[in-house]
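J.: Below is one structure. I have some questions about it.
The values are calculated or read from the model by the stated rules, or taken from the named source; none is laboratory data. All figures in this text were calculated on a predicted structure; none of them were measured in a lab. Reconstructed Cβ throughout: ideal geometry from the backbone, glycine too, with neighbour counts over all protein chains shown.
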Amino acid sequence: MTKQTEQPRQEQKGLYQKYIITKANGKPLDDNFYAIVLRIDTGRYLRACRIGVQAFADAVRSENPTLANDIHKKLEELAANSIARKASKLPIALEDCSRSESRLRLAHMKALGGCYSELGGEHSEVTPFSRYYKEAQ
């Protein structure tokens with residue numbers, strides 16, 4: 001019988017105060033103010049945070065389309081930056097452009113927090129942001 005070595009698990013904290021939030025105009029916050037910060041630029045829960053922010057944008061679209069569009073643009077900007085970073089690490093040969101393009105699409109989907117499945121070497125994309133891509137084009 002072989003002994004399995006367990007990898008130390010990263011400490012999982014529950015809900016706790018990690019950030020101090022203040023108003024940009026300097027006015028005090030309400031005594032009952034409570035917020036949860038979803039970091040969408042980097043982090044351990046990046047995909048989940050981006051999906052949460054996308055859901056918020058979709059939910060407020062009818063009431064505040066400008067806010068929803070601004071959020072979508074920011075998510076797109078962050079995803080483009082992630083793609084550029086990931087693409088710079090990919091080995092790309094000129095004769096292998098179609099395969100590289102497929103890997104870039106896959107990196108793009110992962111950066112946006114989308115889902116994908118690989119079927120026989122082809123990528124079939126399924127994403128919660130498909131509606132957003134139609135609007136952006």
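J.: Can you tell me which of Asp58, Asp96, Asp70 is surrounded by 10 or more Cβ atoms within 10 Å (Cβ to Cβ) and at pLDDT below 75?
T.: Asp96
J.: Still on this structure, please answer the following. Any residue in region 11-28 that is surrounded by 10 or more Cβ atoms within 10 Å (Cβ to Cβ), part of a loop (DSSP other than H, G, I, E, B) and either of a type outside the set (Val, Ile, Thr) or within 9 Å of the chain's Cα centre (by Cα) (or both)?
T.: no
J.: In region 14-37, how many are of a type in the set (Gly, Ala, Ser) and under 21 Å from Phe56 (Cα atoms)?
T.: Total satisfying the criteria: 1.
J.: Residues of region 42-55 being surrounded by 15 or more Cβ atoms within 10 Å (Cβ to Cβ) and either among the β-branched types (Val, Ile, Thr) or not in a helix (DSSP H, G or I) (or both), which ones?
T.: Ile51, Val53, listed by residue number.
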